[in-house]
Amino acid sequence: MQDSVIVVFLEGRKQDYLKKNLKSGLSEEGKLVVQSDANAQFALANWLPKASVRATQLSLVSHPAKFSHPGAKTTPVIAKCIAENDGYVRSGNLGNLALDVIGNAAAMDVYQFLMLILKNGKTILENLEQNTNDIQSIFNATDCDYNVIRSELLQIKSVDSEQVKTSGSVKQVYFPIDDTDYHLLSILTPSAAIYQLKEKINFIRFSDQAKEAREARKKNHFKEHGLAQIVGLAGIGYGGTKPQNISVINSKNGGVALLLSSMPPELNKRKINPPKIDFFDLRQQWLAPFEDQFIDFHRILTTQNNNVKIRNKRDYLIELVQILVADNVNKIRKGVPLKWSNGDYYQNLIAWQKIWLDEQYLERRAEDNTYLEHAAQGFARWFMNVYTLLLEKNNLKKHEFDDLDLSHVRTQALKNKALFL
């Protein structure tokens, strides 16, 4: 007795045949002939032997070569990949992916037949592979030679491992295995995986859940599952106007797969760069903002006058430069994410400067401000070095800093050390 799904399948095939062949101009007698031919052609006993022969024109595959080139002819590949917790996106870790079918597009109805699920919950192909009593009973009722039919239908999944061949139309990669040898790998497409990706993307974009979320956003209403969007998608076509010539899965999807954006990220260059070793390294401080103050400072030092007004002007310029340096400190604190100094890139930065510059140590600075002493002294040395450098740059008469000058700058820096809090 035939399973109901087989009856429905063959009836559908018969109706397609009648639709194509029952022309409006046919006589009643002609229509009866067509009807009689259809009844005979799509009776399981007649259809099955022919279908089993056509099954040899099809191959089940996991990675069809025709996705690389429509003319590529290779040994059918059914990859048996094991799932492992290795963090890679690969066939074995994508779950049980469906197998695809390649071959003569006119024989695809045989594949559809083999995928029918019988009452025992297994496909016809699975029943044939397991040689179940159910499939034997159905096929034997047709008076067909069951073993011959089974053998021919199972060829859809057979691979001649002794005659493995690739194609020049498939992309090739030389993969080194030692200093002198290599494997030449043929890169194939996991068709089920790329269209599973398309299915998931389309669910995110067009599912009822996504439509409800978009509607809620328009009305400014809360939606628990939120709204996801995927931007930068691109479509890629396989097979042109004849996607069925590539594979069954490709044909079902209209020959169009979706590609996620693989453009490199657009990174905004950080304008504030924390010091790697020493904040008071000349290379860490841009000198231009200080230039006018140091030239004025030089004029004060080289003047013939020495009175309170001149000395106050000198100390004011030191304080002004100190304020500008403190502004750079605050830019680092506010403009760079917390805990930046923990990174390997900054492992050589002076310890007290990590506390001084990284906002993760805000509370620690409030409890212990000994870093201010180091900062004031570091500023005094930096001040002297920058002053000397700018004299040379501007061809100004050299003025040698003596210990008294350095001591005075240090004293002023310590006096105004609160600027470095």
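The values are calculated or read from the model by the stated rules, or taken from the named source; none is laboratory data. Bear in mind that the values here come from a model prediction, so they are computed numbers and not experimental data. Here the Cβ is made from the backbone with ideal geometry for all residues, glycine too, and neighbour counts use every protein chain on show.
What the table below lists for this structure:
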read-out	value
Residue tally, condition surrounded by fewer than 16 Cβ atoms within 10 Å (Cβ to Cβ) and not in a helix (DSSP H, G or I), over the range 170-207	17
Qualifying position, being of a type outside the set (A, V, I, L, M) and within 22 Å of V409 (Cα to Cα), among Q347, Q377	Q377
Every residue from the range 234-279 that is small (G, A, S) and assigned to a loop (DSSP other than H, G, I, E, B)	G239, G240, S247, G254, G255, S261, S262
Any hit, the range 339-355, residues being of a type in the set (A, V, I, L, M, F, W, C), touching a residue at least 40 places away in the same chain (Cβ under 8 Å) and more than 30 Å from D405 (Cβ to Cβ)	yes
Neighbours by Cβ (under 9 Å, 6+ apart or cross-chain): first from the range 320-338, closer than 15 Å to F280 by Cβ and assigned by TED's automatic domain parsing to the domain that holds F294; second β-branched (V, I, T) and buried (at least 17 other Cβ atoms within 10 Å of the Cβ)	V321/V386
Filtered residues of the range 19-56 (kept if within 49 Å of the chain's Cα centre (by Cα) and at pLDDT 90 or above)	F42, L44, W47, L48, P49, K50, A51, S52, V53, R54, A55
Search result, residues across the range 73-131 that are of a type in the set (A, V, I, L, M) and assigned to a strand (DSSP E or B)	V101, I102, I117
Some residue of the range 3-15 being out of contact with any Pro (no Cβ under 6 Å at 6 or more places or on another chain), among the polar types (S, T, N, Q) and at pLDDT 90 or above	yes
One residue from L32, L60, L26 being in contact (Cβ under 8 Å) with a residue 12 or more places away in the chain and not charged (D, E, K, R)	L60
The range 208-224, residues that are in a loop (DSSP other than H, G, I, E, B) and out of contact with any helix residue (DSSP H, G or I) (no Cβ under 6 Å at 6 or more places or on another chain)	K219, N220, H221, F222, E224
Filtered residues of the range 209-256 (kept if over 21 Å from H63 (Cβ atoms), over 25 Å from the mean Cα position of the chain (by Cα) and of a type in the set (A, V, I, L, M, F, W, C))	A216, F222
Helices (runs of 4 or more DSSP H) wholly inside the range 339-421 containing at least 3 residues that are in contact with a Lys or Arg (Cβ under 9 Å, 6 or more places away or on another chain)	351-357, 371-393, 403-415
Any pair with Cβ under 7 angstrom, 6 or more apart, that starts in the range 216-229 at a residue that is assigned by TED's automatic domain parsing to the domain that holds I201 and without any contact (Cβ under 8 Å) to a residue 60 or more places away in the chain and ends at one that is assigned to a loop (DSSP other than H, G, I, E, B) and of a type in the set (A, V, I, L, M)	R217/L227
